[in-house]
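Some notes on the structure that comes next.
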Amino acid sequence: MADTVQQLLRERLDDSAPAVKYGDRVWTWSEHLGEAARQAAALIAIADPDRPLHVGTLLSNSPDMLTAMAAAGLGGYVLCGINNTRRGEALARDIARADCQVILTDAAHRGLLDGLDLPGVQVLEVGSADWSSLLSQAGELSPHREVAPTDTFMLIFTSGTSGEPKAVQVAHMMVPFSGVALVQRFEVTAADVCYLSMPLFHSNALMAGWAVALASGAAMAPATFSASGLLPDLRRYGATYMNYVGKPLAYVLATPEQADDHDNPLRVAFGNEAADRDIAEFSRRFGCTVWDGFGSTEGAVIITRDDDCPAGSVGRGFPGVAIYDPETLQECATAVFDGTGALANPDEAIGEIVNTTGSGLF
């Protein structure tokens, strides 16, 4: 069984099944990975061999982003997912912190880099004449390295809820680990279509979306999330699986309900942070199964729901994940709720989530 992204992708090099659906175009896995291999060869050829080969992406959810991800996997270099909502000095700081040699961007995002001080960074605009010329000169792919499971595949920035975003190292082995687990749980096959509308520079899209397609051979439909556009997209692409993070289910539910909402191919929605009401309503309205859980970007803390979790619960932690008092270093007491649903023992039950076995999958 493959234990790196590089191995997973190589298994699909000759696959004639659909890999990417976007607009009116469909790429097979063979076509998609052929483009990725050419991109990887071109970038390796222009890289400074005396520096770590880190390639940043400032791109939309598009075939270009999927190609960049696959190119990094096949090429054995590190992809750096640059958050395209960052601006100015914060954006420049992220690029510097990720030690990017190259930034791949598109016409929609190229202007965000104007005026930024980016020493030692080559900025390449995909789709431009210069980009096409670079690709046309690429030879056969000779990977930057043959990767090991613990080698870094991607740097993903945290959301910054506790300070400036931090670049987290995501190891190659995390992708097949996550993908295979979800494929088995939801019985995803090559006949499925994974709808990828969450930002592909985020760990949710990587682990709960892209990884599922790679592990199963399912097609991918990259998109920019739209509450009103979700259902038409699901129908257009025949999407059977989708990932989410945050409040997208709530935004979709805020659109007017239609009598034919059930008439769609979606089987499973898997993600993080949805409210109980939204989980139940989305399942009812669109005739699918919604599973919700929580995982830190690093993979050190993973929490999943099961059928007997109390209402409002995020779920149960993986083995070793528990709540500890940061002062006493003792595990907190189990929460107790009064008749109104209010927490009755906050002083004893509130603490910090930790993995007592160490760094978990990080």
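The mean accessible area for residues of the chain, using a 1.4 Å probe and ignoring ligands and nucleic acids, is 46 Å² per residue.
Net charge dipole, the range 211-278: roughly 220 debye, given to the nearest 20, about the Cα centre with Cβ charges of +1 for Lys and Arg and -1 for Asp and Glu.
Distance between the C-alpha centres of the range 47-81 and the range 222-262: 29 Å, rounded to the whole angstrom.
Candidate values (1) 22.8, 75; (2) 54.6, 170; (3) 21.2, 71 were compared with Rg and Dmax of the Cα atoms in Å computed on the shown model; the agreeing label is (3). Lys and Arg at +1, Asp and Glu at -1: add these up for the other residues within a Cβ distance under 15 Å of Gly287 and post the number. Combined, the nearby Lys, Arg, Asp and Glu give -1.
In angstrom, the C-alpha Rg and Dmax of the range 190-243 are 10.3, 30. Please quote Rg/Rh for the range 1-89 to two decimal places, taking the Kirkwood radius as Rh and restricting both calculations to Cα atoms. Radius of gyration relative to Kirkwood radius: 1.00. Overall, the chain carries a charge dipole of about 680 debye about its Cα centre when +1 sits on the Cβ of Lys and Arg and -1 on the Cβ of Asp and Glu, all other atoms neutral.
Extension gain for Glu257 to Ser30 (0.36 nm times residue separation, less C-alpha to C-alpha distance): 77.7 nm.
Peptides 140-149, 209-218, 93-102, 238-247 ranked from most to least packed give 209-218, 238-247, 93-102, 140-149, packing being the mean of other C-beta atoms within 10 angstrom over each peptide's residues. Over all directions, the projected convex hull of the C-alpha atoms in the range 132-242 averages 10.1 nm² in area. The Ser16 and Asp130 beta-carbon pair, evaluated with R₀ = 35 Å, returns a calculated FRET efficiency of approximately 0.65. Please report the carbon-and-sulfur percent of the accessible area for the range 1-145; probe 1.4 Å, protein heavy atoms only, DNA, RNA and ligands left out. C and S atoms contribute 46 percent here. When peptides 39-45, 254-260 are ranked by their average number of other Cβ atoms within 10 Å per residue, the highest-first order is 39-45, 254-260. Hull volume per residue, based on the alpha-carbon atoms of the range 42-167 and their convex hull, is 115 Å³.
Packing around the peptides 222-230, 73-81, taken as the average count of other Cβ atoms within 10 Å per residue, puts them in this order, highest first: 73-81, 222-230. Summary value for the chain: 13 percent relative contact order, contacts being C-alpha pairs under 8 angstrom separated by 6+ residues. Over the residues of the chain, the helix contribution to mean residue ellipticity at 222 nm works out to -8000 deg cm²/dmol, using -39500 (n - 2.57) for each DSSP H run of at least 4.
Hydrodynamic estimate: the Kirkwood radius of the range 108-173 over Cα pairs, inserted into Stokes-Einstein at 37 °C and 0.692 mPa s, corresponds to D of 210 µm²/s. Modelled label positions at Glu327 and Ile46, each set 7 Å beyond Cα in the direction of Cβ, lie 5.7 nm from each other.
The values are calculated or read from the model by the stated rules, or taken from the named source; none is laboratory data. Source: prediction; values computed, not measured. Virtual Cβ from ideal backbone geometry, glycine too; neighbours counted across all protein chains shown. Note: areas computed on protein heavy atoms with side chains; ligands, DNA, RNA excluded. Shrake-Rupley method; radii C 1.70, N 1.55, O 1.52, S 1.80 Å.
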